[in-house]
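The structure under discussion appears below in the form of structure tokens.
The values are calculated or read from the model by the stated rules, or taken from the named source; none is laboratory data. For clarity, every value in this text was computed on a predicted model and none was experimentally measured. Cβ coordinates were reconstructed from backbone atoms using ideal geometry, including for glycine residues, and neighbour counts include every protein chain displayed. Quick note on the areas: whole protein, heavy atoms, side chains included, nothing else; ligands and nucleic acids left out. Shrake-Rupley method; radii C 1.70, N 1.55, O 1.52, S 1.80 Å.
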Amino acid sequence: MKLAKLSLAAIVVAGLASSSFAADTLADAFKNGKVTGELKAYYFNRDNGQNGTAARDESIFTSGIMLNYKTDTLAGFGANFTFQGNAAPFADGAIDVNGAKDVFSGDMYGTGAVLSEAYLSYTLGKTTAMVGRMFLDTPLVSGSGSRITKEAFEGAAVINTDLPNTTLIAGYVQKFQSRTNGSGDVGKFTKTFATGSSASVDLDKGAYTFAAINKSITGLTLTGAYAYADSYLKDGSTVLIDGAINIGYIEALYEGTIGSLGYVLGIQDYYNKFSNPKNNADDSINVYAVKAGLSFKGINGTIAYSQTSNDKVAGEAVVSGLGNGADLLYTDAVISSPGYNFDSQAYMADLNYDITAAANVGTRYVYVDKDTNANRATATKEGYTALYGSYKFDGVLKGLKVSAEYEDKSEDVKGEDLWLKANYKF
């Protein structure tokens, strides 16, 4: 499931809270550093729902490791390093030919190792600055961790919590580390960025982002974010937009309780403004969404609706941000993200049950009425039905989590996806 946690801000706040335990010497800063890690084993199966020679039903097993070393702080300075590596020894076929290597070349088949984080940080009061390679999780610049290799960015970020109940974030990114390089190797840092909901973006001059999260009113979280990239949007070798991309995001989310009954109400909006779009396309597009949810004794239900404006921009979809993690639309399916296309209406219903504090099972259905050209002559209907579940172990297996996600596509789209994951954090 896609959940916005703003983990970068959370990490910084935690760091501010513990800054009083800083090292006295540079040697102590390294000796008192902390090593953490994660072992991963993922099995993915993907069926494209086609018949005859076009049918593709492939599976891949991938194992991975993530190792992190974080120094203690010295006079407010610190350093953080994260290494990722993975292998898919049983993958068959060849890229651009057949088999699992071809089907999963864009997200799961990319073996090798990469230093995803290598940044210096400095904390002064309630402000922390970071420079280098890092994982980011902000509303409009966010790396996805749903595949074996987590996405990362190269740049700088500043987080401030001086204002009561408010987190302010400013960032600049100049390179992006994808899941794979599309040619069989793990993703490397390049100037080509995934956009989560659209084609890729080339950033010759990088991108800037600003965000504010306020929780002054009990139960209410207000989020506003902006990103600017002087770049061009492309689909393969085809340039769709040659100029600046402006992305705006706002959200108001209220969570409350009435006795044993919990409830949530939310509204969000993405807005894109492009300069110099190709093919006489429109220069702006937006999508808004609303959701409502109830929970009672571990039973949680949510419904949501989204509407994308009838503006056929060059990319034909809202750009939700930089990185595949910048994908917060309420009507997302469990695996797919079908609601960003222009002139689309999407409906989502989710029901899940917390069996215990460690175990959860659920089901979700998403229906999308999607336009595929300006006059709706080729509009499509899409349905996504999913089952999912997870379990966190305790005792001698504490740190181990297993999860499963299955999604079936129906209506005018066909296919099935099955994800099985085991993660052990130490």
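Points worth noting:
- Test result for Val361, aliphatic (A, V, I, L, M), part of a strand (DSSP E or B) and more than 27 Å from Leu222 (Cα to Cα): yes
- In the range 47-100, residue modelled with the lowest pLDDT [restricted to those that are of a type in the set (Ser, Thr, Tyr) and either touching a helix residue (DSSP H, G or I) at 6+ places or on another chain (Cβ under 9 Å) or open to solvent by 30 Å² or more (accessible area, probe 1.4 Å) (or both)]: Thr53
- From the options Thr53, Thr82, residue that is in contact with a strand residue (DSSP E or B) (Cβ under 9 Å, 6 or more places away or on another chain) and either of a type in the set (Ser, Thr, Tyr) or over 22 Å from Val186 (Cβ atoms) (or both): Thr82
- Of the residues Tyr254, Tyr271, the single one that is surrounded by 17 or more Cβ atoms within 10 Å (Cβ to Cβ) and over 19 Å from Lys370 (Cβ atoms) is Tyr271.
- So Ala346, is it modelled with pLDDT of 95 or more and in a strand (DSSP E or B): yes
- Counting only residues that are out of contact with any Phe, Trp or Tyr (no Cβ under 7 Å at 6 or more places or on another chain) and either in contact (Cβ under 8 Å) with a residue 40 or more places away in the chain or part of a strand (DSSP E or B) (or both), the range 87-101 holds 5 of them.
- Of all positions in the range 257-267, at least one carries a residue that is in contact (Cβ under 8 Å) with a residue 60 or more places away in the chain, part of a strand (DSSP E or B) and either within 23 Å of Leu136 (Cβ to Cβ) or not acidic (Asp, Glu) (or both).
- Test for Met108: is it crowded, with 16+ Cβ neighbours inside 10 Å, farther than 24 Å from Leu26 by Cβ and of a type in the set (A, V, I, L, M, F, W, C): yes
- Restricting attention to the range 149-201 and to residues that are surrounded by fewer than 18 Cβ atoms within 10 Å (Cβ to Cβ) and of a type in the set (D, E, K, R), the residue that is modelled with the lowest pLDDT turns out to be Lys191.
- Whichever residue in the range 294-304 is in contact (Cβ under 8 Å) with a residue 40 or more places away in the chain and in a strand (DSSP E or B) and, among such residues, is most open to solvent (accessible area, probe 1.4 Å): Ile303
- Any hit, the range 170-184, residues being more than 18 Å from Ala88 (Cβ to Cβ) and hydroxyl-bearing (Ser, Thr, Tyr): yes
- Condition met for Asn341 (open to solvent by less than 40 Å² (accessible area, probe 1.4 Å), touching a Ser or Thr at 6+ places or on another chain (Cβ under 6 Å) and without any contact (Cβ under 8 Å) to a residue 40 or more places away in the chain): no
- Qualifying residue in the range 273-285 (condition: in a strand (DSSP E or B) and among the aliphatic types (A, V, I, L, M)): yes
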